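Chemist: Starting off with a structure, shown below.
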Amino acid sequence: MENKGVQILQFSSSSPYFSILTPGTSLIKLGRYTVNDILDVYFYYDEARTARFLLPNGKEKVVQLFPDYPLPLHAEFEKMSTRRCINNCRYCFVDQMPPGMRPTLYIKDDDYRHSFLYGTFITLSNLTSYDLKRIQRLYLSPLYVTLNSLDPKVRYKLMGENANRRNIKRILAYFRRYGIQLHLQFVICPGYNDFPDLFFSLKALQEYQSIIRSVALVPVGVTRYRRDLSYPVIDMPYARDFIAEVGGLRDQLQYGNRLQLADEWFVRAKKPFPPVSCYKTSFKEEFPQWENGVGMCRWFIRKVKRELKNPLLSEEVLPGQKKLLTSMSALAMWKELKPFLEKQYPVSLHLIPVINNFFGPSVTVNGLLSGKDVLRCLQKTPGTHFALWGDCLQEDGKFLDDMSVKDLVEEANVSLKILRSPEEFAEYILYDRGGST
Ligand code: SF4
């Protein structure tokens with residue numbers, strides 16, 4: 001197949017290539033290496049002395065590279081296309097989305113390049129032999145992999161027949177041979193890949209422990225739009241039993257301290273979040289999957305406490321009530337922080353839980369709150385000044401249902417402070433007068 005390289009959409013005038021090349025030019029070779037996508041650009045640019053470009057008129061041009069001129073050349077490269085998933089998972093969240101949302105939310109991304117660059121989870125089902133060689137050659141490590149089970153029968157039932165298109169154990173052995181490290185996750189669907197299958201899979205993984213950086217066990221997410229009703233919702237007794245069984249297993253596995261439970265288990269079990277020590281691994285990592293909701297609450301609580309212990313902060317605290325809108329999942333975290341804050345400072349933290357009607361009340365994470373749900377909650381709650389944790393906003397500042405913060409505050413006639421980091425939360429608690437949006 002003809003290699004089209006990576007197209008350069010535009011150069012800024014400060015780029016040394018500005019006067020030599022025009023937008024629409026594609027970078028097709030760096031030195032002797034063919035450029036397939038932006039990964040090749042990053043990997044081969046440093047050692048290349050020349051670059052071959054395909055000009056918009058179809059001619060090729062070889063350019064001497066400017067030594068020591070760093071990427072990305074003051075140029076905007078085209079976005080990498082997304083390798084789509086070929087599975088058919090019973091629990092797929094994309095299939096449980098409401099209709100009519102923005103098209104990007106329906107993309108089933110299963111791209112090993114994104115896994116390496118951005119930490120997105122992949123299943124390995126769609127890898128070709130070429131991909132595997134490329135992962136080895138470019139040393140794309142670590143990768144984030146959804147494994148779910150090592151038993152082909154369970155994988156088939158849970159993820160469809162394509163999940164066994166490749167022999168998963170052979171791929172793991174291949175990664176072990178080349179030292180490609182992995183952060184793994186199991187999405188636990190009761191009756192499919194929970195105990196006893198989970199026990200066998202985790203035991204079998206010991207063979208590959210040299211490349212396993214972490215294993216996260218995440219409860220399946222269920223929205224009101226789910227079609228498959230063949231597995232039960234994870235409730236409090238189930239979550240409690242599961243936590244207890246995994247606790248026992250951690251002691252038996254050689255990589256036991258890398259096996260970690262998502263925060264959601266503790267929320268559903270109504271149990272306290274584990275201490276920091278539970279998120280330290282023998283790979284000398286702490287909270288290796290916090291962005292996957294594994295230890296995120298403990299990480300956050302620690303960050304806020306450290307921030308608030310800074311003696312310089314406590315000088316001019318503005319006393320008063322701070323009203324924080326929160327998802328049901330995050331409520332437990334704020335409840336743990338509340339007594340600490342109120343003991344230390346003349347403030348009171350009023351927690352206002354937002355029920356997720358958009359996806360259904362069983363969806364409790366903050367990142368999936370919709371604008372309409374927040375609005376409904378604000379309209380029922382007395383007060384004019386509120387704060388909201390901002391991870392439910394997309395890159396464009398809108399909620400998943402396309403409502404903007406501006407529209408929300410106008411409609412509710414309140415001010416709403418959007419918080420995006422532990423530092424911002426600490427500042428809000430100590431200094432906010434409650435007037436800004
Ligand atoms: S791998 Fe499964 S859960 Fe992920 S997008 Fe594909 S079908 Fe959905």
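Chemist: Given the DSSP H assignment, sum -39500 (n - 2.57) over each helix run of at least 4 residues in the chain and divide by its residue total; what's the result at 222 nm in deg cm²/dmol, nearest 500?
Modeler: The per-residue figure over the chain is -9000 deg cm²/dmol.
Chemist: Still on this structure, I have one more. Among the listed pairs LYS303/LYS372; LYS335/LYS380; LYS284/LYS343; LYS343/LYS380; LYS79/LYS406; LYS271/LYS303, which have their C-alpha atoms separated by more than 27 angstrom in this model?
Modeler: LYS303/LYS372; LYS284/LYS343; LYS343/LYS380; LYS79/LYS406
Chemist: Does the chain come out rounded, prolate or oblate, given a ≥ b ≥ c as the square roots of the eigenvalues of its C-alpha gyration tensor, rounded meaning a/c under 1.5 and, failing that, prolate meaning a/b above b/c?
Modeler: oblate
Chemist: Tell me which cysteines of the chain come out unpaired when the rule is another cysteine's Cβ under 4.7 Å.
Modeler: CYS85, CYS189, CYS278, CYS297, CYS377, CYS392
Chemist: While we're on this one: In the chain, what % of DSSP beta bridges are antiparallel (nearest 5)?
Modeler: 40
Chemist: List HIS350, HIS74 from most exposed to least, where exposure is judged by having the fewest other Cβ atoms within 10 Å.
Modeler: With the sparsest Cβ surroundings first, the list reads HIS350, HIS74.
Chemist: Here is a further query. Just how far, in whole angstrom, is the range 323-353 from the range 152-201 if you go by their alpha carbon centroids?
Modeler: Spelled out, the Cα-based centre of one part sits 39 Å from the other.
Chemist: Starting from the Cα of ASN413, step 7 Å along the direction of its Cβ; do the same at ILE107; then give the gap between the two resulting points in nm.
Modeler: If labels sit at ASN413 and ILE107, their model points lie 4.1 nm apart.
Chemist: Do you know the relative contact order of the chain, to the nearest whole percent, from alpha carbon pairs under 8 angstrom that are 6+ apart?
Modeler: About 9 percent, as a whole number.
Chemist: How would you classify the range 100-170 from its alpha-carbon gyration tensor, with a ≥ b ≥ c the square roots of the eigenvalues: rounded for a/c under 1.5, else prolate if a/b is greater than b/c, otherwise oblate?
Modeler: Note, shape of the range 100-170 comes out oblate.
Chemist: Let me ask something else. According to the Cα gyration tensor, what semi-axes, each the square root of 5 times an eigenvalue, does the equivalent ellipsoid of the range 363-423 have, listed from largest to smallest in whole Å?
Modeler: Semi-axes, largest first: 17, 13, 12 Å.
Chemist: Loop only by DSSP, 13 or fewer other Cβ within 10 Å of the Cβ. Give me the trypsin sites (Lys or Arg not before Pro) in the range 1-66 that pass, ordered by residue number.
Modeler: Answer by residue number: LYS4, ARG32, ARG49, LYS59.
Chemist: Which aspartates and glutamates, on any chain, are close to LYS338 with Cα under 19 Å apart, when same-chain ones fewer than 8 places away are left out?
Modeler: ASP263, GLU307, GLU423, GLU424, GLU427, ASP432
Chemist: If the chain between TYR225 and VAL317 were fully stretched, how many nm would it gain, using 0.36 nm times the residue separation less the Cα-Cα distance?
Modeler: 28.6 nm
Chemist: Hey, fewest Cβ within 10 Å first, where do THR281, THR22, THR128 land in order?
Modeler: Arranged by neighbour count, lowest to highest, THR281, THR22, THR128 become THR128, THR22, THR281.
Chemist: With helices defined as uninterrupted DSSP H runs, which ones in the chain have an alpha carbon span along their own long axis of at least 24 Å and mean Kyte-Doolittle hydropathy of at least -1.0?
Modeler: Both cut-offs are met by 236-252, 328-344.
Chemist: Fewest first, what order do MET403, MET296 take by the number of other Cβ atoms within 10 Å?
Modeler: MET403, MET296
Chemist: For the range 166-290, what does the alpha-carbon gyration tensor say about shape, rounded, prolate or oblate, given a ≥ b ≥ c as the root eigenvalues, a/c under 1.5 as rounded, and a/b over b/c as prolate?
Modeler: It comes out oblate by the Cα gyration axes.
Chemist: What fraction of the DSSP beta bridges in the range 300-431 is antiparallel, stated in percent and rounded to the nearest 5?
Modeler: The antiparallel fraction comes to roughly 5 percent.
Quick note: the coordinates plus some simple rules give every number you see, no bench work behind them. Remember, it's a predicted structure, so these values are computed and weren't measured experimentally. Note that we place each Cβ from the backbone using ideal geometry, even for glycine, and neighbour counts take in every protein chain shown.
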